[in-house]
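Student: First, the structure itself, so that you have it in front of you.
None of the figures in this text is laboratory data; all of them are computed from the coordinates on show. Keep in mind it's a predicted model, so treat the numbers as computed, not measured. Using ideal geometry, Cβ is built from the backbone for each residue, glycine included, and neighbour counts are taken over all protein chains shown.
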């Protein structure tokens, strides 16, 4: 099927909690340079959250990114509020700390259904936590609360907490876990990004969300049909929000459970753009991508100005 591309009329300018900090740092650096009699030039310090080399289509489609990674298991017996999981993280912190993302599975599933995201996203410069839920039958609201509990554990108690910037966090999830991701960002507007994957939730109204959100649906989803789930979720998000709707061509509800280059490349771009404030990745999102694996794409075209 030829991709159907729609771009929303309204575009919201950059809304990052780090923007004021970055401006202040730039002003201080400029003043210091002038005082020393030097000439001010642009430096990498303009965005201290950039991680990794300049991206290319090949780099965001690759099975692994530029960072070597390791993983550690977290027992359900050692945590509160969720069912444990696996943390994937870059082994080096030479470039600084990293943003972190918690990922929840769908109804009746466990973290193994989301395990491929761990090394693929972590190797691009994130700490990734694929979690188990307290019960395989937990509903979206519970899964949302568990995603937030997992993020709190990551930044406060985990063995990798020193590697994480607690101000740069996001959530993802599949099916009811995707519905949980919507619940999480609705409850915690300080988060930086969300990616619900073929999400399921009885609540279709998310006008209160203030977190940049990419909804990924599947054209042939019979469990959470896009017309009654992903599309209403996207439409209900504020028109002033940085948001996107990506529909996988000829894909089923379970497409996010196996390695998928389209999901990976646009998830990486969204997380980099909004968790790392890295505008180098904006070109993969805006203008709307033309990709044969996408049956429909809508967005508010995130901008850095």
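Student: For each of 294, 128, count neighbouring Cβ atoms within 10 Å of the residue's Cβ, then give the residues from fewest to most. It would help to have the intermediate numbers written out before the result.
Tutor: Numbers: 294 22, 128 31.
The fewest-first ordering by Cβ neighbours comes to 294, 128.
Student: Please work out the Cα center distance from region 243-294 to region 146-198, rounded to the nearest Å.
Tutor: Measuring centre to centre over Cα atoms gives 18 Å.
Student: Sticking with the crude label model, points 7 Å out along Cα→Cβ, report the distance from residue 293 to residue 207 in nm, one decimal please.
Tutor: Each label point lies 7 Å from its Cα, and together they span 3.7 nm.
Student: Still on this structure, please answer the following. Across region 190-235, what fraction of all alpha-carbon pairs, as a whole percent, falls in each successive 5 Å bin from zero upward?
Tutor: Final binned percentages: 5, 23, 33, 23, 11, 4, 1.
Student: Once label points are set 7 Å from the Cα along Cα→Cβ at both residue 58 and residue 240, what is their separation, rounded to one decimal in nm?
Tutor: Going from the residue 58 label point to the residue 240 one covers 4.3 nm.
Student: While we're on this one: For the residues 222, 230, what sequence is obtained by ranking on other C-beta atoms within 10 Å, fewest first?
Tutor: 222, 230
Student: Also, quick follow-up: What is the packing order of peptides 169-182, 60-73, 239-252, 114-127, taking the mean over residues of other C-beta atoms within 10 Å and listing the highest first?
Tutor: Sorting 169-182, 60-73, 239-252, 114-127 by mean packing, highest first, produces 169-182, 114-127, 239-252, 60-73.
Student: Residues in region 173-208, backbone N under 12 Å from the label point at residue 228 (7 Å along the Cα-to-beta-carbon vector): list them, ranges by number please.
Tutor: Output list for this probe position: 201-202.
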